[in-house]
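Working notes, beginning with the structure itself.
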Amino acid sequence: MMKTTTLPTYENVSRTTSFVTKETECQLAFESSIIFSQKSSVWLYFFDVVDFNQGSYLDLVVPTAFNNNITIPPNNGNETFGASLNIWNITALYGTYFVVADVNNDCRSDLVISNSYTSTLQVLLGTGNGSFKQYSLVSLAPSNQSMSMTAGDFHDDGRLDLISANYMTSYLGIVSGLSSIIVVDLNNDHYLDFVAMDAIQNNLKLFLGNGDGTFQNQTTILMEYNSYLGSLVAADFNNDNCLDIAMLDILNHRLNVFLGYGNASFKSMLPFITGHYNTSRSLVAADFNSDRYLDVAFANDFTGDIGMMLGNGNGTFKA
């Protein structure tokens, strides 16, 4: 039977916190630079970075919507990129989703690509020189529209497993509408769990792993009715060694934060106005200004800009 946890809508928090440090906070500044571009008819909606050719430089992996291909421009190591490797024959709906992982344990990065039109996963094994060889085509259930994929060792056997968030179909007792998924250890039992975002039902679904590839009954965190979730990330935003969850609310232009207790339960939602019309499928957490507090950044699909919110180290963010 599904277990559902309903959280209060949110709590308004006003805190004043002082910190004493001997280090000077780094001034946040970025230099604008176009390192990769595509023709205007192509929609770039997310990307990844990985060293595919073992050249000690991070290369780009860029899927394109409506063009149904993946482009990999190799990094030259001098802020420029070489001639792109293009992977075609991908029959995807509204873009291609992929995950980078070493699926055959040869210490080389491979690609697993979702083909939503054909309901398949395409496995490409990396050769270590920036090229790939076709390995296998994994058939999924019909009408499977994968909106996100991730990898993790859910059996605790040293082999990577895959989880796909399927927008149109129902798996693992999850209703349709899943648009994003992350793998974390929510309750500190050293078994991998995962969090799935349901964009249609406006909630988060938490699945605690048993370490053998099975999961406990889902726990659901309900959002406000008039919200639309865009992307999520897990990190420790208040420095208590417990994972928290942050997500973008596209409709209300907010960053919503749930502070964790370390046992897969969370405090009431903390909302922060982003000031951006964020339609992002990419949300990342990192310390961008070297103050040892995690910040968040998100890319806006349609406006073409990047939004950023600096963390205060206590689970709150500067406007």
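Full extension from S268 to L222: what is 0.36 nm times the residue separation minus their Cα-Cα distance, to one decimal in nm? Mind showing how you got there, number by number?
Values: separation 46, 0.36 × 46 = 16.56 nm, distance 1.07 nm.
Length difference between fully extended and current span is 15.5 nm.
If you build the Cα gyration tensor of the stretch 180-279 and take the root of 5 times each eigenvalue, what three semi-axes come out, in whole angstrom, biggest first? Walk me through the intermediate numbers first.
Numbers: eigenvalues 112, 47, 21 Å².
After scaling each eigenvalue by five and taking roots: 24, 15, 10 Å.
Compute the length gained on full extension between N129 and N86: take 0.36 nm times their separation in residues and subtract their Cα-Cα distance, giving the result in nm to one decimal.
On the way: separation 43, 0.36 × 43 = 15.48 nm, distance 1.46 nm.
Gain on stretching N129 to N86: 14.0 nm.
Read-outs throughout are calculated quantities, based only on the coordinates presented, and are distinct from any laboratory measurement. Note that the structure is predicted; figures quoted are calculated from it, not measured.
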